[in-house]
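Worksheet for the structure shown next.
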Amino acid sequence: MEAITALVKAFLGSLRDLMPIIVVIAFFQLVVLQEPLPNLLSIVFGLLLVVSGLTLFIFGLEMGLFPIGESMAQAFARKGSLFWLMVFAFCLGFGTTVAEPALTAVADEAAEVAAEGGMIEHSAESMEEYANGLRYTVALSVGFAIMLGVLRILKGWSIQYMIIGGYIGVVVLTVFAPDSIIGVAYDSGGVTTSTITVPLVTALGVGLASAIKGRNPMIDGFGLIAFASLLPMMFVMIYGMVIA
């Protein structure tokens, strides 16, 4: 019974969160464009699917991903093995990024545009190779990014200086990278922080900071996502320079 009540509350919360965009679309469609909504029943049904999917996703995060991420991080901290903690951090970053549907979509689109622009052969094999190269380059970068973020938590380094240094590196690489890869590289930093990566990586950081004496989960536990957004931009630009 408690689970059903929690699910209903999550559904109402998702509907509340989506209400602003619903109001915006309805206002511009009915008041500004002054046109009726096409296929109203389909839109309503689709909206219900979106709200239901968002509800189940959030509910699943709270029940499964956040607890398992935090508990594993705390277990590794208690175990005291830096090697296995670093291996876990890399594998978590790599695995979640490879599975990101947003990254797959961007990589496939970039491969198609590159083929149409004559940068690669216009064949299924070449486009698949280009897309996979992008995906695995980004996944490797996120793996190293999570390792760097975990090391920062362990050592207590200041995140602001690391981020500033990283973006200086991005600016420098932008000067030397091919123009055709710069936009893809910048977008790669955004698509890595999506539905699969963010919950597990956040849980890892908070759980690790909670388990280490002298670390504040609010100050030290967050920031891994920043590294997961920063390093892919650098790695993809280097990838573009290598294959150019």
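With a 1.4 Å probe and all protein chains left in place, how much of the accessible area of the range 1-90 comes from carbon and sulfur atoms, in whole percent? If you can, show how the numbers build up before the last one.
Working: 4970 of 6530 Å².
That fraction is 76 percent.
Give me the number: length gained by fully extending SER180 to VAL44, i.e. 0.36 nm times residue separation minus the C-alpha to C-alpha distance, one decimal in nm.
Working: separation 136, 0.36 × 136 = 48.96 nm, distance 4.02 nm.
Residue separation times 0.36 nm, minus the Cα-Cα distance, leaves 44.9 nm.
What FRET efficiency, computed as 1/(1 + (r/R0)^6) with R0 = 35 Å and r the Cβ-Cβ distance, is obtained for MET63 and TYR167, rounded to the nearest 0.05? If you can, show how the numbers build up before the last one.
On the way: r = 36 Å, r/R0 = 1.04.
That pair, MET63 with TYR167, gives E of 0.45.
Using Cα centres only, tell me the gap between the range 84-108 and the range 185-210 in whole Å.
With the range 84-108 and the range 185-210 each reduced to a Cα centre, they are spaced 10 Å.
Projecting each Cα onto the charge dipole of the chain (Lys/Arg +1, Asp/Glu -1 at the beta carbon, about the Cα centre), which of VAL142, GLY165, LEU230 comes out farthest on the positive side?
Selected residue: GLY165.
If I compute solvent accessible area with a 1.4 Å probe over the protein chains, what percent of it on the range 205-244 is carbon and sulfur?
Numbers: 1240 of 1760 Å².
Accessible surface attributable to carbon and sulfur in the range 205-244 totals 70 percent.
About the Cα centre of the range 76-226, how large is the charge dipole given +1 on each Lys and Arg Cβ and -1 on each Asp and Glu Cβ? Please answer in debye to the nearest 20. Present the calculation step by step, with values, prior to reporting the outcome.
On the way: 7 positive and 12 negative charges, 306 e Å.
In total the dipole reaches around 1460 debye.
When the Kirkwood radius is taken over all Cα pairs of the chain, what Stokes-Einstein diffusion coefficient follows at 4 °C and 1.567 mPa s, in µm²/s? Before the final figure, lay out the partial values.
On the way: Rh = 20.3 Å.
Result for D is 64 µm²/s.
Alpha carbon centre of the range 212-243 versus the range 8-80: separation in Å?
Centre-to-centre (Cα) distance: 26 Å.
Indicate the helices, whole DSSP H runs only, in the chain that combine a mean Kyte-Doolittle hydropathy of 0.0 or more with a Cα extent along their long axis of 27 angstrom or more. Numbers along the way, then the final one.
Details: long enough: 2-27 (37 Å, 1.60); 40-60 (30 Å, 2.53); 124-155 (46 Å, 0.67); 224-243 (29 Å, 2.30).
Sorted by number, the helices that extend far enough and score high enough are 2-27, 40-60, 124-155, 224-243.
With point charges of +1 on the Cβ of Lys and Arg and -1 on the Cβ of Asp and Glu, referenced to the Cα centre of the chain, which listed residue (ALA185, PRO217, VAL24) lies farthest in the positive direction of the dipole?
Result: PRO217, furthest along the dipole toward the positive end.
State in Å² the accessible area per residue of the range 27-158; use a 1.4 Å probe, count heavy atoms of protein chains only, and round to the nearest integer. Provide the component values of the computation, followed by the final result.
Numbers: 7640 Å² over 132 residues.
Accessible area per residue: 58 Å².
The values are calculated or read from the model by the stated rules, or taken from the named source; none is laboratory data. In this text the structure is predicted, and so the values were computed from the model without any measurement. Cβ sites come from the backbone with ideal geometry, for glycine too, and all protein chains shown count toward neighbours. Note: areas computed on protein heavy atoms with side chains; ligands, DNA, RNA excluded. Shrake-Rupley method; radii C 1.70, N 1.55, O 1.52, S 1.80 Å.
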